[in-house]
Amino acid sequence: RTVYVNGEYLPETEASVSIFDRGFLFADAVYEVTSVLNGKLIDFEGHAVRLARSLNELGIENPISKEDLLEVHRELVRVNEIDEGLVYLQISRGADSDRDFVFPDPEKVKPTVVLFTQNKPGLAETVKPMKVISIEDIRWGRRDIKTVQLLYPSMGKMMAKAAGADDAWLIEDGFVTEGTSNNVYIVKDGKIITRGLSNDILHGITRAAVLRFAEEAQMEIEERNFTIEEAQNADEAFFTSASAFVMPVVEIDGKALGDGAPGKVALRLREIYLDESL
Ligand code: PDD
């Protein structure tokens, strides 16, 4: 696989970053995951805009123009012959000369830019009815910034796995925030209910697209908080992300939703999303 590091295309075995990179030492880095279907990037524009915002919120100078970033994405998809898969992009504040909590002088230390592809044949076809558990949301308060601080989401997935489930939904002050790596929805009497945007959740690019398509299809949408009990008593549930598109959830904390099969609304939205994206 060919990867990209700071302006260079290299075989993955020859690519490296410094041990003093702040992404490595302090999780001082942001990322994006863009899906590829039929060799085409999905929602690149949305991911580029969110990336710029994440960098800005952390005071990291954006080291690459949108045009150049698109070119790197396209080149990696081309050389790695990705038909279905993902492009991972990470930008850290850069590699300082030592370990220091204080941010380095941006004139001296430039951000580290890394991109690689992940080949995922069958990504669009894979519909897995998901079982989720709920766990406390103990992440930091700026979840709107897409940082690489992913230890707790990783632990959440492990807790789900240990419980025989597929993923975890995070609960704060009694309400569901989001999934470990996705935005979450419930459906009651045909109405789609999802938490509104704030610093408490990542502003999903897939979320924005799916809500737009739902609106265009005259589906009713309510943006508000909901509890895990409300979710357990919903007709259906699902989540969205760049890597899963729209994925039905059929069980929450051991309780089956509706008839226990993937919901109609979730499957319809998945179909619309894939149709519109292809
Ligand atoms: N995760 N919420 C969280 C916490 C996420 O990590 C993600 C994405 C989303 C969905 O955002 P989007 O629709 O823009 O992908 C919501 C990516 C896919 C990941 O970490 O792999």
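Computed from the coordinates by the stated procedures, all read-outs in this text should not be read as laboratory data. Computed from a predicted structure; not experimentally measured. So basically every Cβ, Gly included, is an ideal-geometry build from the backbone, and we count neighbours across all protein chains shown.
For the chain, the relative contact order works out to 18 percent when only alpha carbon pairs closer than 8 Å and six or more residues apart are counted. Restricting everything to alpha-carbon atoms, can you work out Rg to Rh for the range 130-277 with a Kirkwood hydrodynamic radius? Here Rg/Rh amounts to 0.93. With R₀ fixed at 30 Å, the C-beta to C-beta distance from Glu215 to Ile171 puts the FRET efficiency at about 0.60. Counting only DSSP H runs of at least 4 residues, each contributing -39500 (n - 2.57), and dividing by the residue count of the chain, the helix-based mean residue ellipticity at 222 nm comes to -8000 deg cm²/dmol. DSSP bridge analysis restricted to the range 130-277 gives an antiparallel fraction near 60%, rounded to the nearest 5.
For the pair Glu67 and Lys191, what calculated FRET efficiency results from E = 1/(1 + (r/R0)^6), where r is the Cβ-Cβ distance and R0 = 41 Å, to the nearest 0.05?
0.50
When the P(r) is computed for the chain, the part past 33 Å accounts for 24% of the Cα-Cα pairs. The stretch between Asn38 and Lys110 holds 22.5 nm of extra length on full extension. This uses 0.36 nm per residue minus the Cα-Cα distance. In straight-distance terms, cross-link reach from Lys161 covers every one of the lysines whose alpha-carbon lies under 25 Å from its own, apart from those fewer than eight places away in the same chain; here that gives Lys120, Lys128, Lys131, Lys146, Lys255.
Can you compute the FRET efficiency between Ala27 and Glu75 using 1/(1 + (r/R0)^6), with r the Cβ-Cβ distance and R0 = 25 Å? Round to the nearest 0.05.
For R0 = 25 Å, the calculated efficiency reads 0.35.
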